[in-house]
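Peer 1: Here it is, the structure in full.
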């Protein structure tokens, strides 16, 4: 994609379907006149009067306790510099989005049109009654230091400048673990800090709080080593000025144990790394390009422990590991400030979490065989679902112990349950899916590539780096469409009908005929069918010339499905394939099966569908909790339709006792865990959050998923094929570009899984 195309795509993302990335959503009913009279006049007067009696009641009757202001004046925005308050707003909205998806914290972004410290502080003080906390963002140093200091002193709510403290907290957690692996103590190590901005100063202060000796620290700015004899040093720089008579980064790196980069790209050389002490710790955190490229650093020192700010390398120092969870803990105990004790508690919580056994769902999500504490895993992954229950409680405890908590927590078990309930995982699953696909891209056939939307989808997956598209169709048409959207990469294009594919057609036809010769297919039929893209593409996957295929954009589902079934076939032991749809809802992901294939499955077939759904959910890193759906609850009806579901459950309990599955159940009981536990405490699902629904027939499953899909804030991924021998998936007719991109990511992950399974099978086979 050209620079202009990327620019256009980014602008469109922020402009459509409605401008911006965040919105205000009502939390109370408003359908009737009675609702409105309670929400506003005259009912609203009652909480107003209660708050007048005691300001503390504002936390009881309003959203103040879960509302954070993200405030900037736009003087230090990303790498863009001083671009002004209005231009900073997209970034502040983005920060609000992260607060919401990671910690369920509401945000108002506020952009102030002033560079004056006094005016900034005064304005924030005036609006502070609205908020439970203040997150300062993208304010240039040294003003940022003074603004934060004064607001922390003058306000009675948590204030944190994330540019300073976020990086400090995450890197400190990584440093503690790296030092443990290197068998070094923080009190004795020699540390080099490249950069002297807000983040660098805050990092260094936090390292000191954990025991780093200031005499062992050398800090550099754009002029070189910050020495005591340099004139006109700011108070912050003077705090870390060195007595050592050295000037350059090269000199500072000699025998250093730790390098922390918060500066610019490519300033560290292999020679510098080689001059460091044994088991050097290198945090090259400049973004998007680190102080030394990861691969170059690893090549230079075999004993290096390295972290960057990038997601495509191990040990990403990402602020999203910190600020949502720190504010979550602070808000939940109504902390009056975020102090050093709370920041240090967050550091320890993150460091400790990295040492704990990693749940399989995290391994699956990141495409790892087995993540474990070591040189390539010194801090948790940003999408580790345990973070929400690991960090906020420790922050809250530190607030209570340090005397800044106004509403202490008494029941910690209940609090952790509440934290977990806050997280719907909704669209974070897509991020995990894309990251997993990107870890090992696959060759994906697009069987209908002479359609503009299909080409757009192929372009996105190529540029996202998780698939290598193979485009099937009329070459001249495909090239024209590619030119139309500035897709000028060297992509493989195949027209199955062209003369140059004759040899390949004949080979595929011969193999297909051998598969189907006893099922009514002649060699003539096979040759004819190989001119069709769906058959040709399926044979490419079947014979290993591609890893996966997606089709169905321009054809009815049964028509697109037939070539796949005839060529690729099912896994051994699978009588009938099925399909599931992943529904991304505000309350979390829900899998719905069978949405596309089996019209009226038997009890045995329903059990098989549940087993295949169970397997697929694990592929997504989701721990399956499956409800078998009916109009009846646990034997309340003897009708054959309900009995069928009951029989399926019995089969599953007998054959797969470890599966968390139960029924027959009505949908509302399945999705309302409290109601289920109250009425049916004996159920395997009691006290659990159901995340998969197996419907008794196609009518029910298809209708429910399509109804859900049309609801606000619900997205659907699928139908995902279950039980196929290869990674082949079919779009719904007229699928959107986004839906095709999502399905392609699924196809890639599916191919990865199947490849891994084949390798495991080969290892299990006895050697002759």
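Peer 1: Could you state the angle between the C-alpha long axis of helix 428-439 and the longest principal axis of the C-alpha atoms of the chain, as a value from 0 to 90 degrees rounded to the nearest 10?
Peer 2: 80
Peer 1: Determine how many Å³ per residue the convex hull of the Cα atoms of segment 30-96 encloses.
Peer 2: Working: hull volume 9.2 nm³, N = 67.
Each residue corresponds to 137 Å³ of Cα convex hull volume.
Peer 1: Arrange the following residues from fewest to most other Cβ atoms within 10 Å of their Cβ: 108, 259.
Peer 2: 108, 259
Peer 1: So, in Å, what gap is there between the alpha-carbon centers of segment 48-86 and segment 660-701?
Peer 2: Answer, in whole Å: 40.
Peer 1: OK, next. Cα atoms only: what Rg and Dmax, in Å, come out for the chain?
Peer 2: 29.1, 91
Peer 1: Over segment 181-220, what is the mean sequence separation of C-alpha contacts under 8 Å (at least six apart), divided by residue count, expressed as relative contact order in percent? Mind showing how you got there, number by number?
Peer 2: On the way: 35 pairs, mean separation 23.4, N = 40.
Answer for segment 181-220 is 59 percent.
Peer 1: What's the exposure ranking of 590, 83, 338, going from fewest to most Cβ atoms within 10 Å?
Peer 2: Exposure proxy ranking, most exposed first: 83, 590, 338.
Peer 1: Angle between the Cα long axis of helix 117-127 and the longest principal axis of the chain, 0 to 90 degrees, nearest 10?
Peer 2: On a 0 to 90 degree scale, this one is about 60.
Peer 1: Right, here's the next one. Fewest first, what order do 161, 451, 243, 14 take by the number of other Cβ atoms within 10 Å?
Peer 2: The order, fewest Cβ neighbours first, is 243, 14, 451, 161.
Peer 1: Arranged from highest to lowest average of other beta-carbon atoms within 10 Å per residue, in what order do the peptides 409-418, 638-647, 144-153 appear?
Peer 2: Numbers: 409-418: 12.2, 638-647: 15.9, 144-153: 18.4.
Put in order of decreasing packing, that is 144-153, 638-647, 409-418.
Peer 1: Mean residue ellipticity at 222 nm from the helices of the chain, using -39,500 (n - 2.57) per DSSP H segment of n ≥ 4 over the full residue count, to the nearest 500 deg cm²/dmol?
Peer 2: Details: 31 runs with 351 residues, N = 768.
So the calculated ellipticity at 222 nm is -14000 deg cm²/dmol.
Peer 1: Right, next: Can you give the FRET efficiency to the nearest 0.05 for residue 25 and residue 689, using r as the Cβ-Cβ distance and R₀ = 22 Å?
Peer 2: Taking R0 as 22 Å, the efficiency between residue 25 and residue 689 is 0.50.
Peer 1: Further question on the same structure: Note down the relative contact order for the chain as a percent, whole number, built from C-alpha pairs under 8 angstrom at least six residues apart.
Peer 2: Relative contact order here is 9 percent.
Peer 1: Related question: Restricted to Cα positions, what overall size does segment 137-197 have along the principal axes? Three whole-Å values, descending.
Peer 2: Answer, in whole Å and largest first: 42, 25, 18 Å.
Peer 1: Follow-up question, since we're still on this one. Before anything else, pin down the relative contact order of segment 165-317: Cα pairs under 8 Å, at least 6 apart, normalised by residue count, whole percent. Numbers along the way, then the final one.
Peer 2: Values: 288 pairs, mean separation 31.1, N = 153.
Over segment 165-317, the number comes to 20 percent.
Peer 1: In degrees from 0 to 90, rounded to the nearest 10, what is the angle of the helix 143-154 Cα long axis to the longest principal axis of the chain?
Peer 2: 80
Peer 1: Would you please put 26-32, 494-500, 198-204 in order of how densely packed they are, using the mean number of other Cβ atoms within 10 angstrom per residue and starting with the highest?
Peer 2: 198-204, 494-500, 26-32
Peer 1: Hey, another quick one. Taking the mean number of other Cβ atoms within 10 Å as a proxy for protection, how do you rank 219-229, 462-472 from highest to lowest?
Peer 2: Numbers: 219-229: 15.9, 462-472: 21.2.
Descending packing order for the listed peptides: 462-472, 219-229.
Each reported figure results from applying straightforward, stated rules to the coordinates on display, with no laboratory input. Just so it is clear, the structure is predicted and the values come from calculations on it, not from any experiment. Cβ atoms come from the backbone with ideal geometry, glycine included; neighbour counts cover every protein chain shown.
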